[in-house]
Amino acid sequence: MASAWAVVVAGGEGRRFGGPKQFEPLGGRRVLDWAVAAARAVVDDVVVVLPPHVLADPSYPPGATRVAAGGATRAASVRAGLALVPEDVEVVLVHDAARPFASPALFQAVLEAVHAGADGAVPGMPLADTVKRVQGADVVATLPRDELVAVQTPQAFRAAVLRRAHRGAPEATDDAGLLEAIGARVVVVPGEPRNLKITGAEDLGRLESWAAEAAASLQR
């Protein structure tokens, strides 16, 4: 089996949340700890990207093999973590710490999709709502919903292709977008309804009720 590492991105300051949400308590752990534990259950080693001012704190985070200082953007933070992944690693998974309840099975699914031949793999959820393209207040198009998915992390990539996609320090909202820009093949695997991204304080309360089930999935 090809060697695989994960980069868990936890370098944000949480401006919309009102503070660094990755360190908030959730089900007896910090949000970040859930993400690292799920990654650790599947990959060989984990790089965690943290805000520079917490790097000296020895409690951040358990389960990390290496720790990097985050950059000014998400893409810059991924590059900081990727720089600490050994060159001989074949597959890299990138995961946002703000999605604490991605299951080990989801990490395994994207990893297996890359092993099967894709350059990258992302989890996707079908859309329930109609999506329209607008310009100002005017609707200019209705997009075919059956051709659209809402994309999650973790995302898995051939390490060499991911490094190539990041050359020149490009920006994108996710790493799959960078692979798409260079013509690499990215596939979709089924996402998970409970793999929610924390954006506001109300999301923590919603996720709290799922913590026991998430803990059980880490022990299987």
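The values are calculated or read from the model by the stated rules, or taken from the named source; none is laboratory data. It should be emphasised that the depicted structure is a prediction, and the values quoted were computed from it without experimental measurement. Note: ideal-geometry Cβ built from the backbone for every residue, glycine included; neighbour counts use all protein chains shown.
Where strands (runs of 3 or more DSSP E) sit wholly within the stretch 36-135, those with at least 2 residues that are under 20 Å from ASP175 (Cβ atoms) and touching a strand residue (DSSP E or B) at 6+ places or on another chain (Cβ under 8 Å) occupy 45-50, 66-69, 91-96, 120-126.
Tell me, yes or no, whether the stretch 165-175 has at least one residue that is touching a strand residue (DSSP E or B) at 6+ places or on another chain (Cβ under 6 Å) and closer than 24 Å to VAL85 by Cβ.
Within the stretch 165-175, the first condition is being touching a strand residue (DSSP E or B) at 6+ places or on another chain (Cβ under 6 Å), and the residues that meet it are 175.
Filter once more, keeping what is closer than 24 Å to VAL85 by Cβ: 175.
Yes, some residue in the stretch 165-175 is touching a strand residue (DSSP E or B) at 6+ places or on another chain (Cβ under 6 Å) and closer than 24 Å to VAL85 by Cβ.
Considering the stretch 92-103, the residues that are under 14 Å from ARG40 (Cα atoms) and of a type in the set (A, V, I, L, M) include one that is nearest to the chain's Cα centre (by Cα), namely VAL94. The residue that is surrounded by the most Cβ atoms within 10 Å (Cβ to Cβ), among those in the stretch 129-157 that are more than 28 Å from ARG194 (Cβ to Cβ), out of contact with any Leu (no Cβ under 8 Å at 6 or more places or on another chain) and of a type outside the set (A, V, I, L, M, F, W, C), is THR142. Closer than 22 Å to ARG79 by Cβ, of a type in the set (A, V, I, L, M, F, W, C) and out of contact with any strand residue (DSSP E or B) (no Cβ under 9 Å at 6 or more places or on another chain): does that describe ALA181? Against the criterion (closer than 22 Å to ARG79 by Cβ, of a type in the set (A, V, I, L, M, F, W, C) and out of contact with any strand residue (DSSP E or B) (no Cβ under 9 Å at 6 or more places or on another chain)), ALA181 qualifies.
Those residues that are of a type in the set (A, V, I, L, M, F, W, C) and modelled with pLDDT of 95 or more, I need them from the stretch 111-133; list them, please.
Taking the stretch 111-133 first, the residues of a type in the set (A, V, I, L, M, F, W, C) are 111, 113-114, 116, 118, 121-122, 125, 127-128, 131.
Passing the criteria: LEU111, ALA113, VAL114, ALA116, ALA118, ALA121, VAL122, MET125.
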